[in-house]
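These notes concern the structure reproduced below.
Read-outs: derived from the displayed coordinates by stated rules, not from any lab. No experiment lies behind these values; they were computed from the predicted model shown. Reconstructed Cβ throughout: ideal geometry from the backbone, glycine too, with neighbour counts over all protein chains shown.
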């Protein structure tokens, strides 16, 4: 299981690219907005807490491709991020996570980028299961996952601490059958 190639998107408004140091203040800025903050488990208190996601231009190390910038095609400016965490090579699974700045909401960006990454993970990385969680208050994210063919598996009570409090999350999964031997 390798994360050594970038997935490509044909979305007319945005593209996927590595996160750079210049993206960190933009990312931190929109993650700190109440409309974004209240429905995610992100809790960055400083730029340095996001800095490790940035990579040098031209660098494509496997770990750096686990989180990508969603960038405006025209300007190159970051409008969101998407990637994987809780990668389990032994189970051929990973958890998808994404976020968008509010001006990018409602344009099909999250759905298209999620579909792109899920397809790439199944075909090019060999993942059998891509799962995602959504805070029980995050109706927009649940709709994105359902539009992308994820199946709701159940409510996970007190699944993660969200800014010090237990949060309930819906678990979703996009699963492909393993190839026959």
Q: When you have a sec, figure out the Kirkwood radius of region 15-149 from all distinct Cα pair distances and drop it here in Å to one decimal?
A: 15.3 Å
Q) In Å, what Rg and Dmax follow from the Cα atoms of region 86-181? A) 14.0, 47
Q.
Give me the extension gain from residue 168 to residue 147: residue separation times 0.36 nm, minus the current Cα-Cα distance, reported in nm with one decimal.
A. 5.4 nm
Q: Determine which residues of region 34-49 fall in the zone a paramagnetic label at residue 105 would reach in this model, i.e. backbone nitrogen under 13 Å from the point 7 Å along Cα→Cβ.
A: 34-40
**Q.** Inter-probe distance in nm under a simple model that places probes 7 Å from Cα toward Cβ, at residue 160 and residue 124
**A.** 2.4 nm
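Over the chain, what is the relative contact order in percent, taking alpha-carbon pairs closer than 8 angstrom and at least six residues apart?
In percent, rounded to a whole number, it is 20.
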